[in-house]
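Student: First, the structure itself, so that you have it in front of you.
The values are calculated or read from the model by the stated rules, or taken from the named source; none is laboratory data. Remember, predicted model here, so these are calculated numbers, not experimental data. FYI the Cβ positions are ideal-geometry reconstructions off the backbone, even for glycines, and counts take in every protein chain you see.
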């Protein structure tokens, strides 16, 4: 965590996560609880990612809509973005499982 008044993702929150042998810096760019959160994340000299998460209430629960957009910042970054796209399907399946588990139970599903 770099900056957060509450210690969790909120408006103007900034935090870092490891990505391979780099560090990704995240910033919350839009925060409308409990319906929407958007992030801009940067791996310097590699790529920028925008992540948009929206929750829509429906009669029998909630629909989750999320989109990610990557932009390479260099030739190396373009290669990284292409690699992420190729590996993305398996990771997305796992992420969807974790998100669904959290929405249903309120607890995080961690990898062993």
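Student: Taking the stated definitions as given, is residue 47 under 16 Å from the mean Cα position of the chain (by Cα) and under 21 Å from residue 10 (Cβ atoms)? Walk me through it before giving the result.
Tutor: Details: under 16 Å from the mean Cα position of the chain (by Cα): yes; under 21 Å from residue 10 (Cβ atoms): no.
Considered against the rule, which asks whether it is under 16 Å from the mean Cα position of the chain (by Cα) and under 21 Å from residue 10 (Cβ atoms), residue 47 comes out as no.
Student: Looking at the range 50-63, which of its residues are more than 11 Å from the chain's Cα centre (by Cα) and closer than 13 Å to residue 29 by Cα? Spell out the reasoning first.
Tutor: Residues of the range 50-63 more than 11 Å from the chain's Cα centre (by Cα): 54-63.
Result: no residue meets the conditions.
Student: Are any residues in the range 14-45 farther than 20 Å from residue 67 by Cβ and part of a loop (DSSP other than H, G, I, E, B), and if so, which ones?
Tutor: 20, 21, 44, 45
Student: Tell me the residue from 47, 15 that is touching a strand residue (DSSP E or B) at 6+ places or on another chain (Cβ under 9 Å) and either more than 22 Å from residue 98 (Cα to Cα) or in contact (Cβ under 8 Å) with a residue 40 or more places away in the chain (or both), please. Full working, then the answer.
Tutor: Details: 15 fails: either more than 22 Å from residue 98 (Cα to Cα) or in contact (Cβ under 8 Å) with a residue 40 or more places away in the chain (or both).
47 is the lone residue from the list that is touching a strand residue (DSSP E or B) at 6+ places or on another chain (Cβ under 9 Å) and either more than 22 Å from residue 98 (Cα to Cα) or in contact (Cβ under 8 Å) with a residue 40 or more places away in the chain (or both).
Student: Of all residues in the range 5-31, which are more than 29 Å from residue 76 (Cβ to Cβ) and modelled with pLDDT under 95?
Tutor: Within the range 5-31, 5, 6, 7, 8, 10, 11, 12 meet the criteria.
Student: Here's something else I'd like to know. Please specify each residue of the range 62-86 satisfying the condition of being without any contact (Cβ under 8 Å) to a residue 24 or more places away in the chain, exposed (fewer than 14 other Cβ atoms within 10 Å of the Cβ) and in a strand (DSSP E or B).
Tutor: Passing the criteria: 63, 65, 67, 69.
Student: A follow-up question, please. Going through the range 75-108 one residue at a time, which ones are at pLDDT 80 or above and touching a helix residue (DSSP H, G or I) at 6+ places or on another chain (Cβ under 9 Å)?
Tutor: If the condition is that a residue be at pLDDT 80 or above and touching a helix residue (DSSP H, G or I) at 6+ places or on another chain (Cβ under 9 Å), then 84, 107, 108 are the ones that fit.
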